[in-house]
Amino acid sequence: MRGEDIESLKETDPIAYAVKVAERTQQEKQVQQIRAEQQRIAREQQAEREAHLEKHLVEEAKRVAEAIPDYAHPEKGEKVRSELRSFAKSIGYSDTELANATDSRAVLTLWMASQYQKLQKAKPGVTKKVTEAPKMLRAGNATGKTIATEAAKQDFARLKKTGSRQDAARVFERFL
């Protein structure tokens, strides 16, 4: 009933008025109890969600540590995390997105991408080192060249010993 009806009952029927006021008081008490129960349930659900999230974060951190051993290392870990954050920011991630990263797959993907980028940046140096490598001899029969070289050495030694034109001609023929 509305407030006007109750006021009219107060003047016309005091007993009905008292009953209505008691009913209203009882209803308000029940509504308060329902609200209190709803708040209690909401707090329990929030605590369960937080416990589940904490368990999930621990599992995901364990997966990341298994895949990236330096990530969980006390000294090297901060450097790895710092490099990962700076790489993620360089490709467009915000601080909020990084703070809410709870999936190990996303972290591993970022780490792999950063490692790939490091390799790509180092690639010109590797190519340069390869191009500066000494020339290798071709595969083949090295014994034939050794015999020819030995014969040329013998002819040259004979030329030194004799000094004849014929020996000199033989040495020059070997060069040609």
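Somewhere in region 17-29, is a residue basic (Lys, Arg) and over 30 Å from Glu7 (Cβ atoms)? No, region 17-29 has no match at all.
Quick one: would you say Lys55 is surrounded by 12 or more Cβ atoms within 10 Å (Cβ to Cβ), part of a helix (DSSP H, G or I) and of a type in the set (Lys, Arg)? The answer is no for Lys55. Whenever a residue of region 150-172 is without any contact (Cβ under 8 Å) to a residue 40 or more places away in the chain, its partners that are exposed (fewer than 12 other Cβ atoms within 10 Å of the Cβ) and not small (Gly, Ala, Ser), lying with C-beta atoms within less than 9 angstrom and at least six residues away or across chains, give the pairs Ala152/Phe175; Asp155/Glu173; Asp167/Lys160; Asp167/Lys161.
One residue alone among Glu78, Glu44, Glu50 is out of contact with any strand residue (DSSP E or B) (no Cβ under 7 Å at 6 or more places or on another chain), closer than 22 Å to Leu110 by Cβ and not small (Gly, Ala, Ser), and that residue is Glu78.
Filter region 119-170 for residues that are at pLDDT below 80, hydrophobic (A, V, I, L, M, F, W, C) and farther than 30 Å from Phe87 by Cβ and give the result. Passing the criteria: Ala133, Met136, Leu137, Ala139, Ala142, Ile147, Ala148. Can you confirm whether Ala101 is out of contact with any Ser or Thr (no Cβ under 9 Å at 6 or more places or on another chain) and assigned to a helix (DSSP H, G or I)? The answer is no for Ala101. Would you call Leu84 in a helix (DSSP H, G or I), among the hydrophobic types (A, V, I, L, M, F, W, C), surrounded by 15 or more Cβ atoms within 10 Å (Cβ to Cβ) and not assigned by TED's automatic domain parsing to the domain that holds Leu53? Answer is yes for this residue. With respect to (1) loosely packed, with under 14 Cβ neighbours inside 10 Å; (2) among the polar types (S, T, N, Q); (3) over 24 Å from Gln120 (Cβ atoms), the lone exception for Ser90 is condition (3). The condition of being touching a residue at least 40 places away in the same chain (Cβ under 8 Å), surrounded by 10 or more Cβ atoms within 10 Å (Cβ to Cβ) and on the phi < 0 side of the Ramachandran plot does not hold for Ile34.
The values are calculated or read from the model by the stated rules, or taken from the named source; none is laboratory data. Computed from a prediction, not measured in an experiment: that's the story for all the values here. We place every Cβ from the backbone using ideal geometry, glycine too, and count neighbours over all the protein chains shown.
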